[in-house]
Amino acid sequence: MTKYIGILTAGGDSPGLNAAIRGVGKAAMNTHGFKLIGFRDGFRGLMENRTVRLDGGALSGILTVGGTILGTSRDKPTKMPIGGKNKDMTDLVVENCRKHHLDVLVCIGGGGTAKNAYGLMQKGVNVITLPKTIDNDVACTDVTFGFDTALSIATDALDRLHSTAHSHHRIIVLEVMGHNTGWLALGSGISGGADVILIPEIPYDMDVVSEAIMKRFRSGSRFSIVAVSEGAMSKEIFKQLQAVKTKLEKTEDKKERKKLKAKRSELETIRSESTHKLTRELEARTHLESRVTILGHLQRGGIPSAADRLLATRLGTACADFISEGRYGIMVAARGDGVEAVPLEKVVGNRKNIPLDHPWIKTARDLGICLGDK
Ligand code: F6P
């Protein structure tokens, strides 16, 4: 029986999205004889009924292309910005799925996309998600596509920064993305030979970081490379954030909650802007000239790596198989060389942080890399 599949990409773009669309589409149409329709710009395009034809040659020549041919957005069905206000447009989104007679909606995205897809599932839409993000922070999958490409870009940046830091006898701090997890900073820091790696999972102590750099200096290394995750924070900010969170959990008082939320967002802003402060403070403490590089969206752009193309493609073709078996409400997770259908309930609301006993952390410590703690 012909099945009708809708597909969208949501959240921040990441290398490998087109490989995944192609993998789902080719297997669905060629192997199973299903029909495929794309929606533009994530859940917003589905709500606005903006579609893309994906039959014929539409899936040819996209494997190596960065970004997403469908476009993406961070808009959620439950909080759709319309006329300056956030509106719950879930019913219209569900109605459009019905209008297109979709048997299933494939949502390619990270943790937020899984949550939005789960919301639609609770309204009766069959959904399947595929885990993409350069952050590698989606729960219940070994890895997400996009991560490998971003890891290579961040590693390449560290390689390049080494020679200039070395020539000028400077501290160079590289900020990498990763949201609230440190996979990119830790992975690239190890593979790019950083001397200090700061990640959100380990709040850092400035005394420890500056002492590690001074120790290198005393032993004759007059430059240092610091890889810092955008979500990393000092011990002080961590303690303050924890205190606000604990108070928020305990209080029902509306005024008090408003005050606490404002304090939390103030602390989050300090945290997200802390790389420049960290660099200035390192310079002041060590008297070594210091510079900062914020890698930013470079990490998300361009041609996906071979590993990401392979991962996205095999998750995509497996997705088509699950559709043919009528298995919905799942994320197609990477498990070793294979895949696993993980119920969305297990994915939603969970984030894959780096466990403190993770082998990469041990490797970093064994190399003598400073992780900012004692
Ligand atoms: O989730 C991917 C990611 O690149 C994060 O690493 C980063 O925090 C965020 O997206 C940036 O989002 P935007 O592109 O909306 O600025």
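Name every residue in segment 14-51 that is of a type in the set (Val, Ile, Thr) and open to solvent by 20 Å² or more (accessible area, probe 1.4 Å), in order of residue number.
Matches in segment 14-51: 31, 37, 51.
Within segment 185-235, restricting attention to residues that are within 16 Å of residue 161 (Cβ to Cβ) and touching a Lys or Arg at 6+ places or on another chain (Cβ under 7 Å), which residue is farthest from the ligand (Cβ to nearest atom)?
Step by step, filter segment 185-235, then rank; the result is 223.
Criterion first (of a type in the set (Ser, Thr, Tyr) and in contact with a Leu (Cβ under 8 Å, 6 or more places away or on another chain)) does residue 68 satisfy it?
yes
Determine which member of the set 223, 238 is open to solvent by 60 Å² or more (accessible area, probe 1.4 Å), among the hydrophobic types (A, V, I, L, M, F, W, C) and closer than 27 Å to residue 183 by Cβ.
Checking each option against the conditions leaves just 238.
In the list 298, 248, which residue meets the criterion of being surrounded by fewer than 20 Cβ atoms within 10 Å (Cβ to Cβ), within 16 Å of the ligand (Cβ to nearest atom) and either at pLDDT below 95 or assigned to a helix (DSSP H, G or I) (or both)?
Working: 248 fails: within 16 Å of the ligand (Cβ to nearest atom).
None of the others qualify; the one that does is 298.
Which of the residues spanning segment 153-166 are more than 15 Å from the ligand (Cβ to nearest atom), touching a residue at least 40 places away in the same chain (Cβ under 8 Å) and out of contact with any strand residue (DSSP E or B) (no Cβ under 7 Å at 6 or more places or on another chain)?
Listed by number, the list holds a single entry, 166.
Please state which of the following conditions residue 293 fails to meet, knowing it meets all the rest: (1) in a helix (DSSP H, G or I); (2) touching a Leu at 6+ places or on another chain (Cβ under 6 Å).
With respect to (1) in a helix (DSSP H, G or I); (2) touching a Leu at 6+ places or on another chain (Cβ under 6 Å), residue 293 is out only on (1).
Of the conditions (1) within 16 Å of the ligand (Cβ to nearest atom); (2) surrounded by fewer than 16 Cβ atoms within 10 Å (Cβ to Cβ), residue 71 fails just one. Which one is it?
(2)
Please give the number of the condition residue 273 fails out of (1) within 16 Å of the ligand (Cβ to nearest atom); (2) open to solvent by less than 80 Å² (accessible area, probe 1.4 Å).
(2)
Scan segment 130-147 and give yes if some residue there is away from the ligand (no atom under 16 Å from the Cβ), at pLDDT 95 or above and of a type outside the set (Val, Ile, Thr), otherwise no.
For segment 130-147, residues away from the ligand (no atom under 16 Å from the Cβ), at pLDDT 95 or above and of a type outside the set (Val, Ile, Thr): present.
Assess whether residue 107 counts as being more than 21 Å from residue 176 (Cβ to Cβ) and touching a Ser or Thr at 6+ places or on another chain (Cβ under 7 Å). Spell out how you get there, then give the answer.
Details: more than 21 Å from residue 176 (Cβ to Cβ): yes; touching a Ser or Thr at 6+ places or on another chain (Cβ under 7 Å): yes.
Yes; evaluated as a whole, the condition is true for this residue.
Are there any pairs with C-beta distances below 9 angstrom linking a residue in segment 3-22 that is at negative phi to a residue that is among the acidic types (Asp, Glu) and within 13 Å of the ligand (Cβ to nearest atom), with the two at least 6 apart or on different chains, and if so which?
Close Cβ pairs (under 9 Å, with a partner that is among the acidic types (Asp, Glu) and within 13 Å of the ligand (Cβ to nearest atom)) amount to 10/75; 12/135; 14/135.
Would you check if residue 263 is in contact with a strand residue (DSSP E or B) (Cβ under 8 Å, 6 or more places away or on another chain), open to solvent by less than 80 Å² (accessible area, probe 1.4 Å) and basic (Lys, Arg)?
On the way: in contact with a strand residue (DSSP E or B) (Cβ under 8 Å, 6 or more places away or on another chain): no; open to solvent by less than 80 Å² (accessible area, probe 1.4 Å): yes; basic (Lys, Arg): yes.
No; evaluated as a whole, the condition is false for this residue.
Could you please let me know if residue 321 is open to solvent by 20 Å² or more (accessible area, probe 1.4 Å), in contact (Cβ under 8 Å) with a residue 40 or more places away in the chain and part of a loop (DSSP other than H, G, I, E, B)?
Details: open to solvent by 20 Å² or more (accessible area, probe 1.4 Å): yes; in contact (Cβ under 8 Å) with a residue 40 or more places away in the chain: yes; part of a loop (DSSP other than H, G, I, E, B): no.
Judged against the criteria, residue 321 is not a match.
The values are calculated or read from the model by the stated rules, or taken from the named source; none is laboratory data. Model, not experiment: these values are computed from the prediction. Here the Cβ is made from the backbone with ideal geometry for all residues, glycine too, and neighbour counts use every protein chain on show. Surface areas here come from the heavy atoms of the whole protein model, side chains and all, with no ligands, DNA or RNA. Shrake-Rupley method; radii C 1.70, N 1.55, O 1.52, S 1.80 Å.
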